[in-house]
Amino acid sequence: MKTRHFAFILTMPNVNTWNGRWGGEGKVFAKIESTNSPKQIPILEKFVGKSFGYDFGDGWYAKVEVAEVDGKDKRKLNAKSDGFMGYEWMIESIKKKGFIEPTTYQ
C-alpha cells in the first residue's frame, strides 16, 4: 500500500494580547503523519478537509486543520514548519475522539 501523508496545521485565529496579534503570526506550525497502515489510513482520512477548534477560555482560540498532502508538499511543510508548539495533544485527541479534548492528553 502506498504511503499517504496527512498534515495537521495549527493556527491561533483569536488571541488575547494587548495588540491583538500573535507572536506566531506568519509562521507555519504543522505536523505530518505519514502512514501506509490499512488501519491508520481510514482513521486519518475521515478528518481531511475538516478543522477543529479549541477555546482556552481566556481569549485564546486554537484551530487545527487537516489536509492530505503529497510527498512534495510534505517536504515543503516540514521545511517551513516551526513544530506544533507543544500542542501535539490536540492531534492525539482529534484522532482518538474526533474533537479536541485537552483533559485526556495534556
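Please work out how much length the chain gains when fully extended from Thr35 to Trp89, using 0.36 nm per residue of separation minus the C-alpha to C-alpha distance, in nm with one decimal.
Working: separation 54, 0.36 × 54 = 19.44 nm, distance 1.88 nm.
Additional length available on full extension: 17.6 nm.
For region 4-84, report the convex hull volume of the alpha-carbon atoms normalised per residue, in Å³, without decimals. Could you put the intermediate results ahead of the total?
Numbers: hull volume 7.2 nm³, N = 81.
Convex hull of Cα atoms, per residue: 88 Å³.
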In region 10-106, which chymotrypsin sites (Phe, Trp or Tyr not before Pro) are in a loop and have at most 11 other Cβ atoms within 10 Å, using DSSP for the loop call? Trp18, Phe99
Check Asn14: other-chain or 5+ apart residues with amide H under 5 Å from its amide H, H built from backbone geometry? Tyr61
Under 5 Å from the placed amide H of Glu68, counting only residues 5+ away or on other chains, we find Ala7, Gly49
Once both axes come from the Cα atoms, what is the angle between helix 71-80 and the longest principal axis of the chain, in degrees from 0 to 90, rounded to 10? 30 degrees
Per-residue ³J(HN,Hα) for region 81-94, Karplus 6.51 cos²θ - 1.76 cosθ + 1.60, θ = phi - 60°, Hz, x for Gly and Pro: 5, 9, x, 10, 6, x, 9, 4, 4, 5, 4, 4, 5, 4
Just tell me which aspartates and glutamates come within less than 13 Å, Cα to Cα, of Lys50; anything on the same chain fewer than 8 places away is out. Glu65, Glu68
In order over region 41-56: 3J(HN,Hα) from phi, Karplus 6.51/-1.76/1.60, θ = phi - 60°, whole Hz, x for each Gly or Pro, gives 4, x, 5, 6, 4, 5, 9, 4, x, 10, 10, 10, x, 9, 9, 6
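Scan region 1-66 for GluC sites (Glu not before Pro) in coil per DSSP, keeping those whose Cβ has at most 13 other Cβ atoms within 10 Å, and list them by number. Write out the running numbers ahead of the final one.
Working: sites: Glu25, Glu33, Glu45, Glu65; in loops: Glu25.
In loop regions of region 1-66 (DSSP not H, G, I, E or B), the sparsely surrounded GluC sites (Glu not before Pro) are Glu25.
Filter Lys2/Lys74; Lys2/Lys27; Lys74/Lys96; Lys2/Lys46; Lys2/Lys80 down to the pairs with a C-alpha to C-alpha distance above 20 Å, please.
Details: Lys2/Lys74 15 Å; Lys2/Lys27 30 Å; Lys74/Lys96 23 Å; Lys2/Lys46 18 Å; Lys2/Lys80 25 Å.
From Lys2/Lys74; Lys2/Lys27; Lys74/Lys96; Lys2/Lys46; Lys2/Lys80, over 20 Å: Lys2/Lys27; Lys74/Lys96; Lys2/Lys80.
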Any idea which of Asn16, Tyr61, Ser34 is furthest toward the positive side of the dipole for region 6-106, if Lys and Arg beta-carbons carry +1 and Asp and Glu beta-carbons -1? Ser34
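Computed from the coordinates by the stated procedures, all read-outs in this text should not be read as laboratory data. On a predicted model such as this, the values are computed, not experimentally measured, just so you know. We place every Cβ from the backbone using ideal geometry, glycine too, and count neighbours over all the protein chains shown.
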